[in-house]
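This report refers to the structure that appears directly beneath it.
The values are calculated or read from the model by the stated rules, or taken from the named source; none is laboratory data. Because the structure is predicted, anything quoted here is derived from the model rather than measured. Every residue, glycine as well, gets a Cβ built from its backbone with ideal geometry; the counts of neighbours run over all protein chains shown.
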């Protein structure tokens with residue numbers, strides 16, 4: 001057995017000669033010396049399209065024979081095959097080649113094959129196939145379990161999991177509103193092959209609910225949380241769930257109609273204590289949600305979840321967009337809710 005190029009192996013035999021009469025020939029060849037070479041079943045039809053996910057195998061069998069006795073037929077690609085291909089080809093009165101390939105990278109590929117009568121210019125029509133290899137993805141965040149990671153360096157966020165994709169944002173290592181470590185909520189993982197891992201993350205940018213792809217190597221360790229914070233802006237009610245079950249509730253104040261609290265899917269981005277200004281209460285959480293107008297949060301633009309020195313105004317539409325709670329309740333929430341917790345505002 002010989003290996004050539006992309007691991008193409010050829011063995012010389014006539015082991016299939018006795019079965020020649022049983023073949024269903026699909027495509028007649030151009031005639032040279034009066035003998036034609038034909039593709040036979042189970043050869044896939046010309047222009048067949050294959051679609052697989054990275055990690056799956058593409059596999060099919062090619063068969064060809066001459067329509068006159070005595071000839072040896074050879075099946076081969078006219079050019080190079082993608083890396084990692086195995087083609088086990090057997091020459092003979094009936095030639096057979098078994099193609100198998102587990103792609104190493106996502107993308108689009110073209111395969112071509114010829115069948116020729118050895119020692120003559122006689123060939124069957126070239127068969128051309130296309131293979132689309134999808135990126136393998138897996139979800140990392142759900143209603144009950146979420147994952148977050150710190151940003152290790154200034155990075156470009158892409159619209160798709162590839163470095164050539166459109167840039168949608170830039171992430172830095174520190175938050176612009178509080179100066180704390182920048183983190184992102186990690187939604188899913190994409191394996192583009194050859195250890196090229198990407199993560200789809202929620203972003204602290206406008207428009208709200210923006211997402212993008214970053215390389216795994218640009219993020220730190222993935223941390224898991226089993227909490228989820230819900231804010232009901234119609235009922236002025238905040239609920240924390242752990243493993244899908246409510247463990248904490250509180251009344252809240254939200255943004256006035258001219259400075260509404262944005263709705264959507266967000267996450268708890270930071271935690272701060274010991275404010276000098278009693279306006280924010282004893283403790284506050286920063287989020288990645290952004291106001292399109294203004295907020296009372298330091299740095300402007302970002303939505304905070306914090307206490308208040310005026311508990312008598314709660315519940316209601318009382319803020320510039322932030323979510324306010326009684327001081328005693330925000331302290332209790334802080335004991336139950338870690339940074340990285342998903343936040344749903346409805």
ask   = What is the residue count in segment 304-314 for residues that are modelled with pLDDT under 95, surrounded by 15 or more Cβ atoms within 10 Å (Cβ to Cβ) and touching a strand residue (DSSP E or B) at 6+ places or on another chain (Cβ under 8 Å)?
value = 5
request  = Inspect all residues belonging to segment 24-33 and state whether any of them is assigned to a strand (DSSP E or B) and either assigned by TED's automatic domain parsing to the domain that holds residue 191 or at pLDDT 95 or above (or both).
outcome  = no
request  = Scan (1) at pLDDT 95 or above; (2) over 39 Å from the mean Cα position of the chain (by Cα) for the single condition residue 61 breaks and write down its number.
outcome  = (2)
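For segment 217-235, which positions are part of a loop (DSSP other than H, G, I, E, B) and either in the same structural domain as residue 199 (by TED's automatic domain parsing) or touching a strand residue (DSSP E or B) at 6+ places or on another chain (Cβ under 7 Å) (or both)?
Within segment 217-235, 220, 221, 222, 226, 233 qualify.
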inquiry  = One residue is enough: does segment 170-179 have a residue meeting the conditions more than 26 Å from residue 301 (Cα to Cα), within 26 Å of the chain's Cα centre (by Cα) and surrounded by fewer than 21 Cβ atoms within 10 Å (Cβ to Cβ)?
reply    = no
task = Read through the list (1) assigned by TED's automatic domain parsing to the domain that holds residue 52; (2) modelled with pLDDT of 95 or more; (3) crowded, with 19+ Cβ neighbours inside 10 Å, then give the number of the only condition that residue 148 fails.
result = (1)
request  = Kindly provide the set of residues from segment 96-110 that are assigned to a strand (DSSP E or B) and either within 19 Å of residue 163 (Cβ to Cβ) or without any contact (Cβ under 8 Å) to a residue 40 or more places away in the chain (or both), ordered by number.
outcome  = 97, 98, 107, 108, 109, 110
Test: residue 201 is in contact with a strand residue (DSSP E or B) (Cβ under 7 Å, 6 or more places away or on another chain), within 23 Å of residue 334 (Cβ to Cβ) and at pLDDT 95 or above = no
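Residues checked against (1) surrounded by fewer than 18 Cβ atoms within 10 Å (Cβ to Cβ); (2) at pLDDT 95 or above; (3) within 17 Å of residue 140 (Cα to Cα); (4) more than 16 Å from the chain's Cα centre (by Cα):
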| residue | (1), (2), (3), (4) |
| --- | --- |
| 212 | no, yes, yes, no |
| 224 | yes, yes, yes, yes |
| 227 | no, yes, yes, yes |
| 239 | yes, yes, no, yes |
| 246 | yes, yes, no, yes |
| 249 | yes, yes, no, yes |
| 253 | no, yes, no, yes |
| 257 | yes, no, no, yes |
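Limited to segment 111-143, what total is found for residues that are assigned to a loop (DSSP other than H, G, I, E, B) and over 20 Å from the mean Cα position of the chain (by Cα)?
Total meeting the criteria: 8.
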